[in-house]
Amino acid sequence: QVQLVESGGGLVQPGGSLRLSCAASGSISSINAMGWYRQAPGKERELVAAIASGGSTNYADSVKGRFTISRDNAKNTVYLQMNSLKPEDTAVYYCNAEVVTTQYYGMTYWGKGTLVIVSS
């Protein structure tokens, strides 16, 4: 089984910064794409940023220029550096990864989420 554990969420002032981390563990052969999603109260879950195994990235328009996604393949970890945070960034942030195991080429896993609150 594979587990994803997020960390780094919390309360931050508008204009501030946070860095989220997500570490994957278990019987992992490799990880293809990894990403961050978020879900605000009363809203649908949306893609924030994604990064492929080769390093190419995609960002939601709402965070482009403010957030940076990166990964450390040796640690099976993905990061989300969030700068210039706005109140509308408030949400539960979820880590996602497509994981290759001995049984499956690619299986999507989710973390349990970490809460980010941007408020003065």
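Of the residues Thr114, Thr90, Thr102, Thr57, only one is under 11 Å from Met34 (Cα atoms) and either open to solvent by 60 Å² or more (accessible area, probe 1.4 Å) or in contact with a strand residue (DSSP E or B) (Cβ under 7 Å, 6 or more places away or on another chain) (or both); which?
Thr57
Just give me the residues in segment 64-81 being farther than 15 Å from Leu18 by Cα and of a type in the set (Gly, Ala, Ser), in sequence order.
Result: Ala74, single match.
Quick check on segment 93-112. Is at least one of its residues within 16 Å of Gly10 (Cα to Cα), part of a loop (DSSP other than H, G, I, E, B) and not acidic (Asp, Glu)?
The answer is yes; a qualifying residue exists.
A quick yes/no check of all residues on (1) open to solvent by less than 70 Å² (accessible area, probe 1.4 Å); (2) in contact (Cβ under 8 Å) with a residue 12 or more places away in the chain; (3) at negative phi:
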{"site": "Gly15", "(1), (2), (3)": "yes, yes, no"}
{"site": "Leu47", "(1), (2), (3)": "no, yes, yes"}
{"site": "Ile51", "(1), (2), (3)": "yes, yes, yes"}
{"site": "Phe67", "(1), (2), (3)": "yes, yes, yes"}
{"site": "Ser70", "(1), (2), (3)": "yes, yes, yes"}
{"site": "Asn76", "(1), (2), (3)": "yes, yes, no"}
{"site": "Asn83", "(1), (2), (3)": "yes, yes, yes"}
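Filter segment 1-13 down to the residues that are farther than 24 Å from Ser84 by Cα and open to solvent by 40 Å² or more (accessible area, probe 1.4 Å), then identify the one that is nearest to the chain's Cα centre (by Cα).
That would be Val5.
The values are calculated or read from the model by the stated rules, or taken from the named source; none is laboratory data. None of the values given here were measured: they were computed from a predicted structure. Ideal geometry is used to build each Cβ from the backbone, glycine not excepted, and the neighbour counts take in all protein chains shown. Protein only, heavy atoms only, side chains kept; ligands, DNA and RNA dropped before computing areas. Shrake-Rupley method; radii C 1.70, N 1.55, O 1.52, S 1.80 Å.
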